[in-house]
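Student: Structure in structure tokens, see below.
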Amino acid sequence: MPRIILPGWGVREAIDRYGGALLVLVALALAALPSTASTNDDLRLPPERILAARADSPGPVTFRHETHTDPSPGICLKCHPRPFSILGRKSAVTHALMEGGGACGICHDGRASFGASDPDACAVCHDMEGPPPGEGPP
Amino acid sequence: MNAGLLFDATKCIGCGACSAACKEQNDLPLPIESAPTAYTWTTVEEHDGTFVRRLCMHCLEPTCVSVCPVGALRKTPEGPVVYDAKRCIGCRYCIMACPFGVPRYQWDRALPVVGKCVLCSPRVSAGQPTACAAVCPTGATKFGERPALLAEARSRIRENPGRYVDRVFGAEEAGGTSVLMLSGVPFENLGFRSDLPRQSLPMLTWQVLSKVPDFVLLAGALLFGIHWITRRRDEVGAGATAGAAPDDPRGDAPGFWRRLWRRRAS
């Protein structure tokens with residue numbers, strides 16, 4: 001079997017010279033691989049949804065699919081069709097529901113994700129600088 | 001309107017939005033089962049990393065419609081194959097007849113009916129896309145007119161031949177279906193039958209059944225003719241053995257046919 005090493009060089013020498021470049025090439029190829037194999041290049045998640053603040057709320061909540069999903073199988077079924085409608089029908093979202101394990105509370109229970117009534121986490125969901133309570137859209 | 005769906009398995013990520021939307025649109029009870037049942041009309045299956053939807057293909061000439069003895073299943077002019085539970089007698093012939101194994105039975109009920117995808121017929125009639133197509137986040141399920149979808153499917157293959165197998169599933173299978181599919185792997189690997197005929201299945205039986213009325217008429221005329229000839233022969237024979245008995249050999253009241261024969265003979 002012919003050896004594909006330039007004349008006068010040993011294997012060790014060849015690796016010394018080109019090993020670094022080869023490593024970079026392999027790294028680049030690996031980095032490029034997931035993007036070419038990806039099938040969700042035209043993923044269109046639903047638009048963000050603003051939940052108007054009730055009178056006793058510290059501020060409106062904006063729900064974004066981007067921060068709540070990943071492209072894993074069955075991901076939509078965690079929240080649809082229950083507790084939240086996937087066809088845009090109105091679903092009730094209250095802290096009372098969440099504390100009973102409904103609505104956002106199915107995940108925001110303090111175990112799977114931070115608790116819905118965690119006193120340190122209000123600002124994660126609520127826009128505290130939004131319109132003052134009671135003046136938001138009905 | 002000739003509504004249809006184009007499902008592109010190379011775009012599907014298996015998120016399940018279609019199943020969720022189907023449940024909600026058709027008021028079906030949860031949970032969402034892993035394979036289609038009478039209560040889960042569409043599912044997403046994974047076959048070696050490729051996600052493929054399971055749903056009614058809405059044949060252009062549906063076998064279920066052709067076998068249903070009470071007309072509970074119907075192909076609407078808009079495209080959907082719809083089901084009327086009030087007419088159904090529960091014979092389950094449609095379940096046996098479907099080449100895609102789609103209709104399912106409510107085995108857990110005392111008075112069961114069949115369940116199957118109806119291509120969101122009420123939405124389609126109102127000019128809306130099906131619920132599954134409306135919520136699909138990757139565009140893997142697309143709603144439209146079947147001829148336009150078929151053209152789009154062919155152009156997707158033409159523009160990206162490396163991505164797809166060269167087959168639009170549903171273009172000809174079982175005589176053509178309103179639901180079309182594209183895939184990067186052979187459809188047999190995705191759990192579809194490999195022996196699907198290109199012609200419509202109701203045509204197979206229609207070729208025979210359409211000839212039944214002609215056959216009944218012809219056979220009836222033939223049998224009556226034979227009967228008439230043999231009876232006449234008996235009559236003539238009886239007349240010959242009785243010797244000089246020109247009158248009716250069997251009684252005083254000659255029948256219609258006998259009188260006709262005598263009149264013609266004289």
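Student: Condition first: at positive phi and open to solvent by less than 50 Å² (accessible area, probe 1.4 Å). Now tell me which residues in segment A:89-122 satisfy that.
Tutor: A:G101, A:A103
Student: I'd like to check which helices (runs of 4 or more DSSP H) are fully inside segment B:88-139 and have at least 1 residues that are in contact with a Pro (Cβ under 9 Å, 6 or more places away or on another chain) and under 28 Å from A:P73 (Cα atoms).
Tutor: B:121-125, B:131-135
Student: Would you pick out the residues in segment B:24-44 that are buried (at least 17 other Cβ atoms within 10 Å of the Cβ), within 14 Å of chain A (Cβ to nearest Cβ) and of a type outside the set (S, T, N, Q)?
Tutor: Hits for segment B:24-44 are B:E24, B:L28, B:I32, B:Y39, B:W41, B:V44.
Student: Taking segment A:61-76 as the search range and keeping residues that are open to solvent by 50 Å² or more (accessible area, probe 1.4 Å) and within 8 Å of another protein chain (Cβ to nearest Cβ), which one is modelled with the highest pLDDT?
Tutor: Checking each candidate, the answer is A:P73.
Student: Which of the numbered conditions does A:C79 fail, given that it passes all the others? Conditions: (1) within 14 Å of chain B (Cβ to nearest Cβ); (2) touching an Asp or Glu at 6+ places or on another chain (Cβ under 6 Å); (3) open to solvent by less than 60 Å² (accessible area, probe 1.4 Å).
Tutor: Unmet condition: (2).
Student: Sort through B:L209, B:L217, B:L150, B:L190 and tell me the only one that's surrounded by fewer than 19 Cβ atoms within 10 Å (Cβ to Cβ), more than 17 Å from the chain's Cα centre (by Cα) and over 12 Å from B:L6 (Cβ atoms).
Tutor: Just one listed residue meets the conditions, B:L217.
Student: Scan (1) open to solvent by 30 Å² or more (accessible area, probe 1.4 Å); (2) more than 11 Å from chain B (Cβ to nearest Cβ) for the single condition A:A53 breaks and write down its number.
Tutor: Exception for A:A53: condition (1).
Student: Restrict the check to segment B:194-202 and report whether at least one residue is out of contact with any Asp or Glu (no Cβ under 6 Å at 6 or more places or on another chain), of a type in the set (A, V, I, L, M) and not in a helix (DSSP H, G or I).
Tutor: no
Student: Go through segment B:1-54 and count every residue that is under 28 Å from the mean Cα position of the chain (by Cα) and assigned to a helix (DSSP H, G or I).
Tutor: The total comes to 8.
Student: Quick one: B:E152 ticks every box in (1) in a helix (DSSP H, G or I); (2) over 17 Å from B:G170 (Cα atoms) except a single one, so which number is it?
Tutor: For B:E152, the failing item is (2).
Student: Shifting gears a bit: Could you tell me which of the residues B:A85, B:A134, B:A126 is in contact with a strand residue (DSSP E or B) (Cβ under 8 Å, 6 or more places away or on another chain), small (G, A, S), farther than 21 Å from B:L196 by Cβ and within 14 Å of chain A (Cβ to nearest Cβ)?
Tutor: B:A134 is the lone residue from the list that is in contact with a strand residue (DSSP E or B) (Cβ under 8 Å, 6 or more places away or on another chain), small (G, A, S), farther than 21 Å from B:L196 by Cβ and within 14 Å of chain A (Cβ to nearest Cβ).
Student: Within segment B:45-82, can you find the residues that are under 16 Å from B:F169 (Cα atoms) and either in contact with a His (Cβ under 6 Å, 6 or more places away or on another chain) or within 14 Å of chain A (Cβ to nearest Cβ) (or both)?
Tutor: B:T50, B:F51, B:V52, B:R53
Student: Pick out the one residue from B:P129, B:P161 that is within 16 Å of B:V179 (Cβ to Cβ) and surrounded by fewer than 21 Cβ atoms within 10 Å (Cβ to Cβ).
Tutor: It is B:P129.
Student: Of A:P47, A:P58, which residue is open to solvent by 80 Å² or more (accessible area, probe 1.4 Å), in a loop (DSSP other than H, G, I, E, B) and more than 24 Å from B:T42 (Cα to Cα)?
Tutor: A:P47
Student: Open to solvent by less than 50 Å² (accessible area, probe 1.4 Å) and modelled with pLDDT of 90 or more: is that true of A:S85 in this structure?
Tutor: Criteria met by A:S85.
The values are calculated or read from the model by the stated rules, or taken from the named source; none is laboratory data. Being a predicted model, the structure only gives us computed values, none of them experimental. Using ideal geometry, Cβ is built from the backbone for each residue, glycine included, and neighbour counts are taken over all protein chains shown. We work out accessible area using only protein heavy atoms, side chains counted, and drop any ligands, DNA or RNA first. Shrake-Rupley method; radii C 1.70, N 1.55, O 1.52, S 1.80 Å.
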